[in-house]
């Protein structure tokens, strides 16, 4: 399998470094709780597109799998070659990119949608009385 070959290379080349870790699955709760502690996310997961903007987490999206999805400015898209990935890593380390992260607005909301919905429903039923 292609993914197994990639995992084998990753395990040999990267996992022996103390600051890199490979997990097959963390579970949703653990995964989401780790996001604000990361330096950056690298991969081609929809999580990089949908969740990292909330945390203002630098994200390198590799390849074309997420093409066509709205992406916040914390996301750098690159090709799946080492030169492109390295160039993207260098970009997220720049002062300009780090400053820009502070001003990202999350297009998916502020986490308070359910409270606002409940308030609107209450207002509606209070007006109907």
| query | Taking residue 92, is it touching a strand residue (DSSP E or B) at 6+ places or on another chain (Cβ under 9 Å), in contact (Cβ under 8 Å) with a residue 40 or more places away in the chain and closer than 24 Å to residue 46 by Cβ? | reply | yes
| How many residues are over 16 Å from the mean Cα position of the chain (by Cα) and within 17 Å of residue 49 (Cα to Cα) when one looks only at segment 81-99? | 0
| request: From the list 91, 56, pick out the single residue that is at positive phi and either surrounded by 12 or more Cβ atoms within 10 Å (Cβ to Cβ) or in contact with a helix residue (DSSP H, G or I) (Cβ under 6 Å, 6 or more places away or on another chain) (or both). | output: 56
| said: From the list 36, 18, exactly one residue is loosely packed, with under 13 Cβ neighbours inside 10 Å and over 19 Å from residue 105 (Cα atoms). Which is it? | reply: 18
| message | Quick check on residue 76: is it in contact with a strand residue (DSSP E or B) (Cβ under 6 Å, 6 or more places away or on another chain) and either modelled with pLDDT under 95 or farther than 21 Å from residue 24 by Cα (or both)? | response | yes
| query | Would it be correct to say that residue 100 is outside the structural domain of residue 8 (by TED's automatic domain parsing), surrounded by 14 or more Cβ atoms within 10 Å (Cβ to Cβ) and part of a helix (DSSP H, G or I)? | reply | yes
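The values are calculated or read from the model by the stated rules, or taken from the named source; none is laboratory data. Because the structure is a prediction, the values reported are computed rather than measured. Don't worry about glycine lacking a Cβ; one is built from the backbone with ideal geometry, like all the others, and counts go over all protein chains shown.
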